[in-house]
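One structure below.
What follows draws every value from the coordinates through simple rules; no lab data is involved. As the structure is a computational prediction, the values presented were derived from the model and not from experiment. Every residue, glycine as well, gets a Cβ built from its backbone with ideal geometry; the counts of neighbours run over all protein chains shown.
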Amino acid sequence: DVKVTQSSRYLVKRTGEKVFLECVQDMDHENMFWYRQDPGLGLRLIYFSYDVKMKEKGDIPEGYSVSREKKERFSLILESASTNQTSMYLCASREGGATDTQYFGPGTRLTVL
Amino acid sequence: AQTVTQSQPEMSVQEAETVTLSCTYDTSESDYYLFWYKQPPSRQMILVIRQEAYKQQNATENRFSVNFQKAAKSFSLKISDSQLGDAAMYFCASLTGANSKLTFGKGITLSVRP
């Protein structure tokens, strides 16, 4: 079974802090994604990566950056956390094909105070 | 641009009965795919069912089936013989060959009454 893990289930940070959210997948998938999930808004794509060191902006990249130094790991970085970044963050991975199944991690609920 | 609309935020169904979750989409592409994902409470999101737009036959996975109406751009999910474990948030999503990124609807919360 594919396993996508995220470093924390719950995280509380202060405004202005630099925040790292880590995601690791164990199936050698090429594509990895970061979403945020908010009530009434569904899932919105922040960034995705289709290869090591490659990244593309999603629909809401402002205030975020990403890093993919190794194939199995995709990090989401909040350079200076703000209260409007309080949300559930979901990581996902997918094999090469666009129509392949996308596998999700358990999510990190981030609260910025 | 793709859009996916789930207009009902919540639904409820009696255990063992059938429920249909609605979804409409909009895309200018001819090559696209549609998905239903399930997110149980505090658990990981999983794929329920997938439909290729070029296929006329509606996809089926055990108790889950879709009603794909291409002309109406409608993609509803039918759950038969509902079980308590079906209680979850369900997301409809689309993907085009040109784009390769999933576009999600806002989701619907399904509760199952024992």
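Among residues other than A:Pro106 whose Cβ falls under 12 Å from its Cβ, what is the net charge (Lys/Arg +1, Asp/Glu -1)?
My count for the surroundings of A:Pro106 gives +4.
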Using the Cβ atoms and a cut-off under 15 Å, what net charge is assigned to the surroundings of B:Phe104, where Lys and Arg are +1 and Asp and Glu are -1?
-> +4
Can you give the three extents of the C-alpha atoms in the protein assembly as shown along their principal axes, from longest to shortest, in whole Å?
-> 48, 39, 32
Within 10 Å of each Cβ in peptide B:39-46, how many partner chain Cβ atoms are there on average? Round it to a whole number, please.
-> 5
DSSP loop (so not H, G, I, E, B), at most 10 other Cβ within 10 Å: list which chymotrypsin sites (Phe, Trp or Tyr not before Pro) in region B:54-114 pass both filters.
-> B:Tyr54
Zone residues, region A:50-65, relative to A:Glu17, backbone N less than 11 Å from point 7 Å out along Cα-to-Cβ = none
Most fluctuating of A:Gly58, A:Gly42, A:Gly96 in the GNM of chain A (C-alpha, under 10 Å) is A:Gly42
FRET E, pair A:Lys3, A:Met88, Förster distance 22 Å, beta-carbon r, rounded to 0.05 = 0.70
Only Lys, Arg, Asp and Glu count, each charged at its Cβ (+1, +1, -1, -1), so figure out the dipole size of chain A about its Cα centre, rounded to 20 debye.
-> 420
For chain B, what is the charge dipole size about the Cα centre, in debye to the nearest 20, if Lys and Arg each add +1 at the Cβ and Asp and Glu each add -1 at the Cβ?
-> 120
Rounded to whole Hz and in sequence order, give me ³J(HN,Hα) for region B:104-114 from the Karplus expression 6.51 cos²θ - 1.76 cosθ + 1.60, θ = phi - 60°, writing x for Gly and Pro.
-> 9, x, 7, x, 9, 8, 9, 10, 10, 8, x
